[in-house]
Amino acid sequence: MRPLKVFLTGASSGIGEALAREYARQGAILGLVGRREDALQALAASLPNPHAARLYTADVRDAAAMLQAAQDFIAHHGCPDIVIANAGVSVGTVASAREDLDAFRQVMDTNWFGMLTTFQPFIGPMQAREPVTGRWRGTLVGIASVAGVRGLPGAGAYSASKAAAIRLLESLRLEQRPHGIRVVTIAPGYIRTPMTAHNPYPMPFLMDADAFARKAAAAIAAGRRWKVIPWPMGLVAAVLHVLPRALYDALFMRAPRKPRKTDEDAAGTP
């Protein structure tokens, strides 16, 4: 059985690093994208088969750079079986603060537009290839967040970007299913990563990144349309989704807020 081919963004830390290690453990051929070359090289050197990973130092906001990375991976390894759009940033924001406008744009461009720039170069090649398993030609995976289910105070940029990502993935799923391409939405709860390390509030059901990666890979292999990890946060997300607005406002108006600080190269957590 031939090895999986996996193309993954946001691989230099956090969830992305954990996913890279999980797929490397499975013997996959990897395309790893991150903004920090030194971190990517250190990750690759620590994998069981460093030569099975191609590294791309790129920002997902740069559509031309993402196209070049995709073309290089296809030229060397062919079309990937799984493309995971994981790169993301999170920073506390306040809409009334004019100095936060750049942060709003950066978060949206990375978390939403960056997901599109990751997928777009691979959709055509996936549609054109022969089915890999059954009638499926490939899988597109987006790392969203439970924070995209409802808007959180102080997280207008992050909640909006993850809500937009969830809707983008939903649209893609409907568009690409007739072409034999599966689209999987993974919505993490609180995952122990550099991005959550400084959250000044309780994080219920906090999960280690390695455990998350194992469960995410299993959900991807099963072709799940929507998966919240860990599962107790799935119950929370379901309740939040149907909670009346007046009750939601009363419960969350004074919720703790993420500090306004510089972003980190991590993704997929509230």
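Bear in mind that the values in this text are calculations on the coordinates, not laboratory data. Note that this is a predicted model, so its numbers are computed, not measured. Cβ sites come from the backbone with ideal geometry, for glycine too, and all protein chains shown count toward neighbours.
Numbers at a glance
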{"read-out": "Span from the segment 219-241 Cα centroid across to the segment 144-211 one, whole angstrom", "value": "10"}
{"read-out": "Inter-probe distance in nm under a simple model that places probes 7 Å from Cα toward Cβ, at Ala222 and Tyr248", "value": "2.7"}
{"read-out": "Distance cut-off 15 Å, percentage of C-alpha pairs in segment 120-165 lying past it", "value": "56"}
{"read-out": "Part-to-part distance (alpha-carbon centres) for segment 84-142 and segment 8-74, which is given in Å", "value": "15"}
{"read-out": "Difference of contour (0.36 nm per residue) and Cα-Cα distance, Glu175 to Arg150", "value": "6.5 nm"}
{"read-out": "Percent of C-alpha pairs per 5 Å bin, segment 67-218, short to long", "value": "2, 9, 16, 19, 18, 15, 10, 7, 3, 1, 0"}
{"read-out": "Cβ-placed point charges (K, R +1; D, E -1), dipole of the chain about Cα centre in debye, nearest 20", "value": "840"}
{"read-out": "Whole-Hz ³J(HN,Hα) from phi, Karplus 6.51 cos²θ - 1.76 cosθ + 1.60, for segment 231-240, glycine and proline x", "value": "4, x, 5, x, 5, 4, 4, 5, 5, 4"}
{"read-out": "Helix-derived mean residue ellipticity, 222 nm - over the chain, DSSP H n ≥ 4, -39500 (n - 2.57), to 500", "value": "-13500 deg cm²/dmol"}
{"read-out": "Peptide ranges 128-137, 31-40 listed from the most packed, as the mean C-beta count within 10 angstrom indicates", "value": "31-40, 128-137"}
{"read-out": "In degrees, nearest ten, helix 156-176 long axis to first principal axis of the chain (Cα)", "value": "40"}
{"read-out": "Förster-model FRET efficiency, 41 Å R0, Arg135 and Ala65, C-beta, rounded to 0.05", "value": "0.80"}
{"read-out": "Residues Ile123, Ile82, Ile15 arranged by fewest to most Cβ contacts within 10 Å", "value": "Ile123, Ile82, Ile15"}
{"read-out": "In Hz, Karplus ³J(HN,Hα) per residue of segment 90-107 (6.51, -1.76, 1.60; θ = phi - 60°; x = Gly, Pro)", "value": "9, 7, x, 9, 10, 5, 7, 8, 4, 5, 8, 4, 5, 5, 4, 5, 4, 5"}
{"read-out": "Hypothetical label at His241: residues of segment 168-183 whose amide nitrogen lies under 19 Å (7 Å Cα-Cβ projection)", "value": "168-175, 183"}
